[in-house]
Amino acid sequence: MKKTTIIILAILAILVIYVISSYNSLVTLNVRADTQWKQVETQYQRRFDLIPNLVESAKGVMKQEQAIFTAIAEARTRYSGAGSPNERALAANQVESALGRLLVITENYPQLKSSENVQSLMTQLEGTENRVSVERMRFNESVQSYNLKVMRFPSSIIASIFGFDTREAFKAVSGAELAPSVKF
């Protein structure tokens, strides 16, 4: 009887250790994904901080392109009001679309391209766009690691017991692969 009790206690101890380890792993991966999303938002904020300066610099030269400036302002407002990561991603994609049109326009205005202010801001914006891309990729990697842990057996049992659900990765909106068109 004593040997059987020891074996049962050992099995229970191993099971408890596994449950605790799985739970802690799920929490860690979930927090890591949240943290990575904050990095994406940090780069979005950098982008939004640069945009007004770029727009003001370009406005002086391009009075007739008011529609682009309006689209950028509206997209920034939508981003500010977005609550969930998915809403923010959608709003950020709208900003990217408007910025793409602005970039095409600046290529067609030699006096704007030669403006030192605009050139500096464009370089900073291009760097920020690269950072956004990298941070989105890292976010998706974090979400993938978390989702794999949530879905794989036997940790999927622990995940369902403690209410861990899969998370949605960042996805580009439909049509994001198409270059913006600008007509004069």
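Read-outs throughout are calculated quantities, based only on the coordinates presented, and are distinct from any laboratory measurement. This one's a predicted model, so the numbers in the text were calculated from it and none came from an experiment. Note: ideal-geometry Cβ built from the backbone for every residue, glycine included; neighbour counts use all protein chains shown.
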For Ile20 and Arg46, extending 7 Å from Cα along the Cα-Cβ vector and measuring point to point gives, in nm, a value of 4.1
At 7 Å along Cα-to-Cβ for each site, give me the label-to-label distance between Thr166 and Val134 in nm. 3.0
If each K or R counts +1 and each D or E counts -1, the residues other than Gln94 whose Cβ falls under 13 Å of its Cβ total +2
